[in-house]
Amino acid sequence: MSLIYKKATLEDIDILTETRIMVLRAANQLAEDVDMSVVKEQSYEYYKRALSSDTHIAYLVLDGNEFVGAGGVSFFEVMPTYHNPTGKKAYIMNMYTKTEYRRQGIALKTLDLLVKEAKARGIMAISLEATKMGRTLYEKYGFIDMNDEMELKK
């Protein structure tokens, strides 16, 4: 196994979009017959816009020419606060490793590449949503639960 961790470019937009749909199906336990065409179309447009503006980066993990994993991070800015005086934030998303490649350190290395990229940009406020499967990895890396955050229900 000779893994390559490749920073994605616009040339990788199709595989990024497909991976996004795979991650969403797995995370939300969606069957293959659930229509994801709008999400797929919007994800493609998001990647086109965000990769071009450098507000999102992604890594693809390849075993030779075979896709085996991915992860991404979006960069954004909010008003400065006492705990985050720059207002810069990073949100890690779309972490995925093919089933047969799991438990080999691939997600950990991908996560580390994403965190290092955020920190190189001066971003210290880094967050993510964890599935039950990914929680142990993120806790091991140093992520903690955020108790004060809320979300408006529809």
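Assuming a strict under-15 Å limit between Cα atoms, what lysine pair count do you get for the chain once near-sequence pairs (fewer than 8 apart, same chain) are dropped?
Close lysine pairs under the 15 Å cut-off: 13.
Tell me, what ³J(HN,Hα) does each residue in the stretch 88-103 have, in order and in whole Hz, if you take phi through Karplus 6.51 cos²θ - 1.76 cosθ + 1.60 with θ = phi - 60° and put x for Gly and Pro?
Residue by residue, the stretch 88-103 yields 7, 9, 10, 10, 7, 8, 6, 6, 8, 9, 4, 3, 6, 10, 5, 6 Hz.
When Lys and Arg each count +1 and Asp and Glu each count -1, what net charge do the other residues less than 12 Å away from residue 47, Cβ to Cβ, add up to?
Computed value for this residue: -2.
Quick one: 3J(HN,Hα) in Hz for the stretch 105-117, Karplus 6.51/-1.76/1.60 with θ = phi - 60°, rounded, Gly and Pro as x.
Rounded to whole hertz, the list is x, 5, 5, 4, 5, 4, 4, 4, 4, 5, 5, 4, 5.
Below 14 angstrom from the Cβ of residue 136, what's the summed charge of the other residues (Lys, Arg +1; Asp, Glu -1)?
Neighbour charge sum, excluding residue 136 itself: +3.
Can you give me the relative contact order of the chain as a percent, contacts being Cα pairs under 8 Å and 6 or more apart?
20 percent.
Counting only residues 5 or more places away or on other chains, whose amide H sits under 5 Å from the amide H of residue 69 once H atoms are built in the peptide plane?
HN-HN under 5 Å from residue 69: 61, 98.
Bin width 10 Å, origin at 0, all Cα-Cα pairs of the chain: what percent of pairs per bin?
Here the calculated profile for the chain is 10, 38, 39, 13, 1.
Apply the Karplus parameterisation 6.51 cos²θ - 1.76 cosθ + 1.60, with θ equal to phi minus 60°, to every residue of the stretch 9-17 and state each ³J(HN,Hα) to the nearest whole Hz, in sequence, with x for glycine and proline.
For the stretch 9-17, the Karplus curve yields 10, 4, 5, 9, 4, 5, 5, 5, 5 Hz.
A short reminder: the numbers here are calculations on the coordinates, not readings from a lab. As the structure is a prediction and not an experimental result, all values here were calculated from the model. Cβ coordinates were reconstructed from backbone atoms using ideal geometry, including for glycine residues, and neighbour counts include every protein chain displayed.
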